[in-house]
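Participant: Below is a structure I'd like to ask you about.
Only the coordinates and a few stated rules stand behind these numbers; no lab work does. All values derive from a computational prediction rather than experimental measurement. Note that we place each Cβ from the backbone using ideal geometry, even for glycine, and neighbour counts take in every protein chain shown.
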Amino acid sequence: MNSQNRDDNVNGDLTIRGSALAQLPVFVAVAELRSFTAAARRLRLSTSAASQAVARLETELGVTLLNRTTRSVNVTDAGARLLEEVAPALRAASAALVNAKIEPQGLSGSLRLNVPRIACRVGLPSLLAEYARRHPAVRVEVEVEDRRVDIVKGGFDAGIRARSSIHKDMIEVRITTPIHFAVVGSRRYFASHPKPNHPRDLVHHACLGWRSLAGGAEYRWEFSDKGRDLEVAVRGPVQSNDTELLVACAERDLGLAFVVEAEARRQLETGLLETALDDYATNADGLFLYFPTSARGEPKLRAFVECARELLSGQKPAKGRARPKR
């Protein structure tokens, strides 16, 4: 037999089995109970429907599975072999369907997230800690990257991004209040370079530039001047897409950095860095958890969303004027 004939036979067998699957539970019930009437009662069918289902299965397979009279039912040798192989598989499949439908009391398994680096410093650590406290059997796998990704194609349950980076067909859940930006520099830097009084004064300062992984022009620092948006092109000795590096360079007196204030909180609280141009500071919209509509019923994700909303309700709003982008 050539390979084409073998493939045709295999495909034909698979087609027969596939179309016969719907009749198998009826056959198993009748074979186990030795009664069409009792099987029909178990499956909530009419006796006639049960009889027709078994007849269709026998016709499709080309064998007699049950010997029956008006008084009794028994399995043939072929029926006994089929019952022995199929009954355990059907019970396992039925149990699996029940388990999939019923939400377990204790969640378990993995929840995969794709997040930008800013989320690791703003919002996400507190959320992970609270979620782990509530659902210790769930392992949250966090992949950190700043580029925008297709979370469905990448096998992630959800992502975290700024709202402007999220596709419109996704469900969005806010996980932070608006994010406050700040210009920061070291005391030693300000000792030799007086603090700027207006954003335009930044052209006379060494500024540590930020550039997105997506490429394009260097980021222009954004401010609000008496209700009007103001952008300033800056220059300096270092440019990077990593805010942590820019903060570290600012600590070492290389110049001023424009960062999310929370990213420099430790340095500001200990006095290693100070802020400037506070009266012109702005806010971005914050970070959002997002996921496809089809995933909203997933118990682990639903519990994560609930955690995020409860934590957000206790957060203080950011100071400064709204500024939607970075």
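Participant: Using amide H atoms built 1.01 Å from N in the peptide plane, name the residues 5+ places from V234, or on other chains, whose amide H lies under 5 Å from its own.
Facilitator: Under 5 Å from the amide H of V234: W221.
Participant: Let me ask something else about it. Quick one: 3J(HN,Hα) in Hz for segment 29-46, Karplus 6.51/-1.76/1.60 with θ = phi - 60°, rounded, Gly and Pro as x.
Facilitator: 4, 5, 5, 6, 8, 6, 7, 5, 5, 5, 5, 4, 5, 4, 8, 6, 10, 7
Participant: Which entry is the computed volume of the Cα convex hull per residue in Å³ for this structure: (1) 162; (2) 210; (3) 123?
Facilitator: Given (1) 162; (2) 210; (3) 123, the structure-derived one carries the label (2).
Participant: What aspartates and glutamates could a cross-link reach from K300, if we take a straight Cα to Cα line under 15 Å and drop same-chain neighbours fewer than 8 places away?
Facilitator: E103, E130, E141, D157
Participant: OK, next. Out of the trypsin sites (Lys or Arg not before Pro) in segment 112-196, which ones are loop residues according to DSSP with at most 16 other C-beta atoms within 10 Å? Spell out each step's value before the answer.
Facilitator: Values: sites: R112, R117, R121, R133, R134, R139, R147, R148, K153, R161, R163, K168, R174, R187, R188; in loops: R147, R148, K153, K168.
Taking segment 112-196 and a limit of 16 other Cβ atoms within 10 Å, the loop trypsin sites (Lys or Arg not before Pro) found are R147, R148, K153, K168.
Participant: What number, in percent, do you get for the relative contact order of the chain if the mean sequence gap of Cα pairs under 8 Å and at least 6 apart is divided by its residue count?
Facilitator: Averaging sequence separation for qualifying contacts and normalising by length gives 19 percent for the chain.
Participant: Report, by chain and number, residues whose modeled amide H sits under 5 Å from the one on R112, excluding near sequence neighbours (fewer than 5 apart, same chain).
Facilitator: E141, D157, A158
Participant: Where does helix 299-313 land angle-wise versus the long Cα axis of the chain, in degrees 0 to 90, nearest 10?
Facilitator: With rounding to tens, the tilt is 30 degrees.
Participant: Right, something else. Given just the C-alpha atoms of segment 179-284, how large is their convex hull per residue in cubic angstrom?
Facilitator: On the way: hull volume 10.0 nm³, N = 106.
Value for segment 179-284: 95 Å³ per residue.
Participant: Viscosity 0.890 mPa s, temperature 25 °C: Stokes-Einstein D of segment 25-146 from its Kirkwood Cα radius, in µm² per second?
Facilitator: My calculation gives 132 µm²/s for D.
Participant: Also, I was wondering about something else. Convert each backbone phi in segment 227-239 into a coupling constant with the Karplus relation 6.51 cos²θ - 1.76 cosθ + 1.60 (shift: θ = phi - 60°), then list the ³J(HN,Hα) values in order as whole Hz, x for Gly and Pro.
Facilitator: Coupling constants for segment 227-239: x, 9, 5, 9, 10, 10, 7, 10, 9, x, x, 9, 9 Hz.
Participant: Roughly how big is segment 179-284's charge dipole about its Cα centre, with Cβ charges of +1 (Lys, Arg) and -1 (Asp, Glu), in debye to the nearest 20? Kindly include the intermediate steps, with their values, before the conclusion.
Facilitator: Details: 12 positive and 16 negative charges, 50 e Å.
With only Lys, Arg, Asp and Glu charged at Cβ, the dipole is about 240 debye.
Participant: Residues with amide H under 5 Å of N241's amide H, sequence separation 5 or more or different chain, H placed in the peptide plane at 1.01 Å from N; which?
Facilitator: Residues meeting the amide H criterion: R211.
Participant: Within the set of other residues whose C-beta is less than 12 Å from the C-beta of R117, count the net charge using Lys and Arg as +1 and Asp and Glu as -1.
Facilitator: Working: positive: R121, R147, R161; negative: E143, E145, D146, D242, E244, E263.
Every neighbour counted, the sum reads -3.
Participant: Report for the chain the percent antiparallel among DSSP-assigned beta bridges with both residues inside it, nearest 5. Walk me through the numbers on the way to the answer.
Facilitator: Values: 27 of 42 bridges.
If we restrict to bridges inside the chain, about 65 percent are antiparallel.
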